[in-house]
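S.K.: Below you'll find the structure I mean.
Just so it is clear, none of the values below were taken in a lab; they were calculated from the coordinates. Keep in mind it's a predicted model, so treat the numbers as computed, not measured. Cβ placement follows ideal geometry from the backbone for every residue including glycine, while neighbour counts extend to all protein chains displayed.
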Amino acid sequence: MRSFMGRDILSLKDFERNEFFHVFDVAAKMEPIARARRNVDMLAEKTLVTAFYQPSTRTRLAHEAGMHRLGGHVTGFSDAKMTRAGDFYQESIKDTVKMLEFYGDVIVMRHFQIGAPHEAAKWASIPIINGGDGWGEHPTQILTDLYTVLREKGRLDGLKWLAVGDMRMRTMHSLGYALTQFDCPITFVSPSADALFPGSPNMRMPENYKADFKQYALNFTEADHVEQAIADADVILVEPVVQPDYTKSRDERTGDVGMTPANYKITRELLTSKAKSDAILLHSLPRMDEIPTDVDITKWSRYWQEAFNGVVMRMTLLALVLGAME
Ligand code: CP
């Protein structure tokens, strides 16, 4: 297995099956630290740099919390408008990371352009972690989600997945790549063009990702309505279809944004009448109305466990790429 020390975490494409299990083994060692709300000194001599060119609640703060739990330091920016990348100069990724690499030992980057963290990794002499790149990938979120499934269901192989939402979403691409390494059939439920309102974008899985998934023998199907697939699902992963534009640095809400059609919504009634009794429901959040809040207190919901595991997974990845764990 390739060493994680010094490695960039950019994509789950080409992430090997044994590497997933190694990450999950290390996460199991990190979990008691987070659960006890302890701060240890494992990364006391290391600094995390956060470079966030797009808003985030969870990804940035979970990395920062993970670094604090391991005794490390944090610096960085949460709004590129306060840097030279977001003002008159429009400073390039290269020039920015050629500075940031001297301010810390690992960089987590979120960006509105696909491939921006990969560009950063070309120039940085320290590891780059992709915290979400446009409509590209979100590897640390899906590692969190798979770890959550492993903890909640005790296994990954043999579970049937249902993924609901906008398939342009970066989590969906990392999910597809991850599941190529497991015996996990998946159904993608998403709107085609004009399905939400006249002129609404095509939110089906993009052809380039489908081609990749086929090449890696992922067992996937597509459907139009959650009711067509929910009865078989062991894991239901939901993202919004009422979404901002992830190619923008910031997308403000202006006026009414519309409601989620029943096709892409997981309600308490649907779960009660159609879902397996032991299925689990994931949503990395933020949400709109695709999972109403009365689902939160049901036996299916696991999104708060997912949130806790988000810190555990970021501790794990930081410890691995900084060489504190083998
Ligand atoms: N799930 C997720 O990426 O959340 P944030 O956008 O708040 O980081």
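S.K.: M325's amide H: which non-local residues (gap 5+, or another chain) put their own amide H closer than 5 Å, with H modeled 1.01 Å from N in plane and none for Pro or chain starts?
M.R.: Those lying under 5 Å, H to H, from M325 are L320.
S.K.: Can you give the extra length, in nm with one decimal, that the chain gains between H73 and E91 once fully stretched, where that is 0.36 nm per residue apart less the Cα-Cα distance? All intermediate terms of the calculation are to be shown ahead of the outcome.
M.R.: On the way: separation 18, 0.36 × 18 = 6.48 nm, distance 2.53 nm.
That works out to 4.0 nm of additional length.
S.K.: Amide H to amide H, which residues 5 or more places from V189 or on other chains are under 5 Å from it, using H placed in the peptide plane?
M.R.: Here the answer is A163, V164, G165, A223, since their amide H atoms fall under 5 Å of that of V189.
S.K.: So what's the gap between the Cα centers of the stretch 1-67 and the stretch 99-123, to the nearest angstrom?
M.R.: After rounding, the separation between the Cα centres reads 16 Å.
S.K.: Okay, helix-only estimate at 222 nm for the chain: each DSSP H run of n ≥ 4 adds -39500 (n - 2.57), divide by all residues, round to 500 deg cm²/dmol; what do you get?
M.R.: Rounded to the nearest 500, the figure is -10000 deg cm²/dmol.
S.K.: About the Cα centre of the chain, how large is the charge dipole given +1 on each Lys and Arg Cβ and -1 on each Asp and Glu Cβ? Please answer in debye to the nearest 20. All intermediate terms of the calculation are to be shown ahead of the outcome.
M.R.: Numbers: 38 positive and 44 negative charges, 123 e Å.
In debye, rounded to 20, the chain gives about 580.
S.K.: Sorted by packing (mean other beta-carbon atoms within 10 Å per residue), highest first, where do 259-266, 183-190, 48-55 land? Walk me through the intermediate numbers first.
M.R.: Values: 259-266: 18.0, 183-190: 21.0, 48-55: 23.8.
In decreasing order of mean packing, 259-266, 183-190, 48-55 become 48-55, 183-190, 259-266.
S.K.: Once the Cα atoms of helix 17-35 and of the chain are each reduced to a long axis, what angle between those two axes, in degrees from 0 to 90 to the nearest 10, is obtained?
M.R.: 80 degrees
S.K.: Are there any GluC sites (Glu not before Pro) in the stretch 2-86 that are in a DSSP loop and have at most 11 other Cβ atoms within 10 Å? List them by number. Before the final figure, lay out each step's value.
M.R.: Numbers: sites: E16, E19, E45, E64; in loops: E16, E45.
When the GluC sites (Glu not before Pro) of the stretch 2-86 are filtered for loop state and at most 11 Cβ neighbours within 10 Å, E16 remain.
S.K.: Something else now. Once all Cα-Cα distances of the stretch 1-59 are split into 5 Å bins that start at 0, what whole-number percent is in each one?
M.R.: 4, 11, 16, 21, 23, 20, 5
S.K.: While we're looking at this one, here's another question. So how do 82-88, 202-208 stack up, highest first, on mean other-Cβ count within 10 Å?
M.R.: On the way: 82-88: 13.1, 202-208: 15.7.
Peptide ranking by packing, descending: 202-208, 82-88.
S.K.: Using amide H atoms built 1.01 Å from N in the peptide plane, name the residues 5+ places from T47, or on other chains, whose amide H lies under 5 Å from its own.
M.R.: Correct list: H73, D105, V106.
S.K.: So what's the gap between the Cα centers of the stretch 134-164 and the stretch 200-228, to the nearest angstrom?
M.R.: 16 Å
S.K.: What nm value, rounded to one decimal, do you get for the distance between K299 and F21 when each label is placed 7 Å out toward the C-beta?
M.R.: 3.0 nm
S.K.: Sequence neighbours fewer than 8 away in the same chain don't count; with that in mind, list the lysines whose C-alpha is under 28 Å from K299.
M.R.: K29, K153, K160, K265, K274, K276
S.K.: While we're looking at this one, here's another question. Of the peptides 27-40, 243-256, how do they stack up when ordered by the mean number of other Cβ atoms within 10 Å, highest first? Don't skip to the answer; put the middle values down first.
M.R.: Details: 27-40: 15.1, 243-256: 11.4.
The packing order, highest mean first, is 27-40, 243-256.
S.K.: Which one of I128, P206, H118 has its Cα pushed farthest toward the positive end of the charge dipole of the chain, where Lys and Arg give +1 and Asp and Glu give -1 at the Cβ?
M.R.: With unit charges placed on the Cβ atoms, the residue in question is I128.
S.K.: Any idea what the alpha-carbon Rg over 2.2 N^0.38 Å comes to for the chain?
M.R.: On the way: Rg = 19.2 Å, N = 326, 2.2 N^0.38 = 19.8 Å.
Its radius of gyration relative to the 2.2 N^0.38 Å reference: 0.97.
S.K.: Under the Kirkwood approximation for Rh and a Cα-based Rg, what ratio Rg/Rh is obtained for the stretch 139-307?
M.R.: So for the stretch 139-307, dividing Rg by the Kirkwood Rh gives 0.94.
S.K.: Distance from a point 7 Å along Cα→Cβ of T221 to each backbone N in the stretch 233-256: keep the residues under 12 Å and list them by number.
M.R.: 233
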